[in-house]
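J.: Shown below is the structure under consideration.
The values are calculated or read from the model by the stated rules, or taken from the named source; none is laboratory data. Since we're looking at a predicted model, the values are computed, not measured. Every residue, glycine as well, gets a Cβ built from its backbone with ideal geometry; the counts of neighbours run over all protein chains shown. The accessibility values were calculated without ligands, DNA or RNA, using every heavy atom of the protein model including side chains. Shrake-Rupley method; radii C 1.70, N 1.55, O 1.52, S 1.80 Å.
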Amino acid sequence: MNSMLGLVFAYRSYSGMRELVAPRTTASVPFGGRYRAIDFCLSNLVNAGVTDVGVILRDSYQSLMDHVGSGKDWDLSRKNGGLFLLPPFSYGGERQNTATTFSGKLDALAGVTSYIRHSREEYVVLAEGDCVTNIRLREVLERHIETGADITAVCTKRKVGEPARSIYFRLDEDGRVCAIDSHPQQAGENESLGIFIMKKQLLLELIQTGRAGDMVHFERGILRVVLPRLRVLPYFHEGYAARFHNVAMYFNNSMALLDPAVRRDVFSRANPIRTRVRDSAPTYYSDSAVVRNSLIADGCRIEGHVENSILFRNVYVAPGATVKNCIVMQDGQIEKNVFTEYIIADKRVFIGEGNVLMGNAAYPVVIAKGSRL
C-alpha cells in the first residue's frame, strides 16, 4: 500500500469571521454542534490510512492545541509517526528581507523541510484545515497513480468560498490544469479545495525551487511556475464542501446541516468524522420544551423553545426563552423570557433574563466568547 504524509495548514484567520476568530484560527472554529473545522481534515487523513500528520501553526493556536491534544481521538497518538504540531519558525537569516515567521504556504513548507525529509512516506497530502468536507483521500491517491499525474489538485464545480479569497483552476482541452486564477472578483468554474497529492521528493524539489526564487506562495507562486512542465490534473469532489471566509458563510453552511441529505453526505458512516471525545450526560428536555428542526448536542438542558437552531454541548435554555435560527456554542446560557433570532453565540455566552437579540440571515449578530449580556 502506498503511504502518505499529511501536512495540514491551520494558521489562517479571515477578518470576515469577526469575533469568531479573535481567540482562534479558522481551522479551530466550532462547527456542527460538536466539531471543529480541522476535525474534517484530520478524519479524512486518518480514514485514508495516514498515520503521520503535521499541523502547521502560526498564531492564535492555543485553542487548536487544546482541541487536538496528542491526537488520540483521531488514533494519531503513536510511538511511530502520529500527530505533530509544527509551530512558527524563523529562517535565522537564510533568506533576505524575511519576517520572523512565514507569509504563505510555500514559506511555511520551507520551515518544516526537515520534518518532510525525515518522513518515510512516499507521497504527501497538502490540505487546508479550514475546509469542511468528507472526501476519500485513498481514492484520490489511487486516481493520482492511475493517471500518472505529477500533482493531483482536488477541486469542485460548486461555489464554496468567497471569490476574492479563493483559487480557481483553468483546464486545457486535455483536462490538464493550464492556468490558475487567484482571488478574482468573480468565481471561476473549478474551485480549489486546497488539497494536493504528489510524491514527497517532488514537493522537496518545489520547496527548493521556490526558495531560490524567493517565493512564499504555493498555488499562486511555485505551482504557477511549474504548470508548463508538470502534469497537474484535477480531481473533482462532488460532495458537500464549506469554507468560512465570513460570518454569513459560516452561518449558512452551519444551517445547511439541518438538511438530512447534507448530514448524510458530511457524516458518512463509511468515512466517519472524529472529534475530541467528552463525557457528557444526555440532553434533558423538560415538559415545557419545544424543539423543532434543530441539532442538539449532548449535555444540554432544554426548557424553552428551540427552532431551526444548532446547540453545542452543555447549553441551557430556560423556560419561556426562544432560540430561533441561532447557533449557540458550548456552555451557553439563555435565561428566562429571552428571545434570540439569527444569533451566533460563541462559547460560554450568558444572555440574561428578558433580553431580545435579533439579526438577519445575511448579517447574523455575533456575540463574542465569554460575553455576559
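J.: Go ahead and run the numbers for FRET between GLU353 and ARG292, Cβ-Cβ distance against an R0 of 25 Å, rounding to 0.05.
T.: With a Förster radius of 25 Å, E is 0.60.
J.: Among 222-230, 340-348, how do they line up by average Cβ neighbours within 10 Å per residue, starting with the highest?
T.: 340-348, 222-230
J.: Here's something else I'd like to know. Just the Kirkwood number for the chain, please: inverse of mean 1/r across all distinct Cα pairs, in Å, one decimal.
T.: After inverting the mean inverse Cα-Cα distance, the result is 21.6 Å.
J.: Can I ask one more? Could you work out the relative contact order of the chain, using alpha carbon pairs under 8 angstrom and six or more residues apart, expressed as a whole percent?
T.: 16
J.: To check you understand DSSP bridge types, tell me what percent of the beta bridges within the chain (both residues inside) are antiparallel, rounded to 5.
T.: Antiparallel: roughly 30 percent of the beta bridges in the chain.
J.: Right, another one. How tilted is helix 137-147 with respect to the longest principal axis of the chain? Cα atoms for both, answer in degrees (0 to 90, nearest 10).
T.: The angle comes out at about 30 degrees.
J.: What figure in square angstrom, to the nearest 10, would you give for the accessible area of ARG170 with a 1.4 Å probe?
T.: Rounded to the nearest 10, that gives 130 Å².
J.: I want the local charge near LEU202. Using Cβ-Cβ distances under 14 Å, sum +1 for each Lys or Arg and -1 for each Asp or Glu among the other residues.
T.: With Lys, Arg at +1 and Asp, Glu at -1, the net is +1.
J.: When only alpha-carbon atoms count, how far does segment 37-79 stretch along each of its three principal axes, as whole angstroms with the largest first?
T.: 29, 21, 15
J.: Right, here's the next one. Rounded to the nearest 20 debye, what is the charge dipole size of the chain about its Cα centre when +1 sits on each Lys and Arg Cβ and -1 on each Asp and Glu Cβ?
T.: 440
J.: Give the accessible surface of the chain per residue, rounded to a whole number of Å², with probe radius 1.4 Å and ligands, DNA and RNA excluded.
T.: Ligands and nucleic acids excluded, the figure is 43 Å² per residue.
J.: For the chain, what is the calculated [θ] at 222 nm in deg cm²/dmol (nearest 500), taking -39500 (n - 2.57) for each run of four or more DSSP H residues and dividing by its residue count?
T.: Dividing the helical sum by the residues of the chain leaves -5000 deg cm²/dmol.
J.: Using a cut-off of 11 Å between beta-carbons, work out the net charge of the residues near ALA48 (Lys and Arg +1, Asp and Glu -1, ALA48 not included).
T.: 0
J.: Can you give me the C-alpha center-to-center distance between segment 1-48 and segment 195-243, rounded to a whole angstrom?
T.: Going from one Cα centre to the other spans 20 Å.
J.: Go through 133-145, 71-83, 188-200, 325-337 and give me the packing order, highest mean Cβ count within 10 Å leading.
T.: In decreasing order of mean packing, 133-145, 71-83, 188-200, 325-337 become 325-337, 188-200, 133-145, 71-83.
J.: Something else: Just add up the charged neighbours of ALA345: K/R +1, D/E -1, any other residue whose Cβ is under 11 Å from the Cβ of ALA345.
T.: Once all neighbours under 11 Å are counted, the net charge is 0.
J.: Take the Cα of ARG229, step 7 Å along the line toward its Cβ, and report every residue of segment 121-159 whose backbone nitrogen sits under 19 Å from that point.
T.: Within reach of a label on ARG229: 149-152.
J.: Between the helical axis of 200-212 and the dominant principal axis of the chain, each derived from Cα atoms, what acute angle in degrees is found, rounded to the nearest 10?
T.: 80
J.: R0 = 22 Å: FRET efficiency of ARG117 with SER70, Cβ-based, nearest 0.05?
T.: 0.40
J.: Let me ask something else. Computed FRET efficiency, Cβ-Cβ of ASP265 and ASN360, R0 30 Å: what is it to the nearest 0.05?
T.: Efficiency, from the Cβ-Cβ distance: 0.65.
J.: Still on this structure: Size of the dipole of segment 2-83 about the Cα centre, Lys and Arg at +1 and Asp and Glu at -1 on the beta carbon, nothing else charged, in debye to 20?
T.: 40
J.: Assigning unit charges at the beta carbon (Lys, Arg +1; Asp, Glu -1) and nothing else, what dipole magnitude in debye, to the nearest 20, does segment 100-208 show about its Cα centre?
T.: Charge dipole, segment 100-208, about its Cα centre: 280 debye, nearest 20.
J.: Pulled fully out, how much extra length does the chain show between ASN80 and GLN201, if you take 0.36 nm times their separation in residues and subtract their Cα-Cα distance?
T.: Contour length minus the Cα-Cα distance gives 41.5 nm.
J.: Positive end of the dipole of the chain, charges at C-beta (+1 Lys, Arg; -1 Asp, Glu), about the Cα centre: which of LEU64, GLY129, ASN337 has its Cα farthest in that direction?
T.: Going by the charge dipole, the pick is LEU64.
J.: By the gyration tensor of its Cα atoms, with a ≥ b ≥ c the square roots of the eigenvalues, what is the shape of segment 1-143: rounded for a/c under 1.5, prolate for a/b over b/c, or oblate?
T.: Oblate shape, in that a/c is at least 1.5 and b/c is the bigger or equal ratio.
J.: According to a simple spin-label model (label point 7 Å from Cα along Cα-to-Cβ), what is the distance in nm between ASP279 and GLU173?
T.: It is 6.6 nm.
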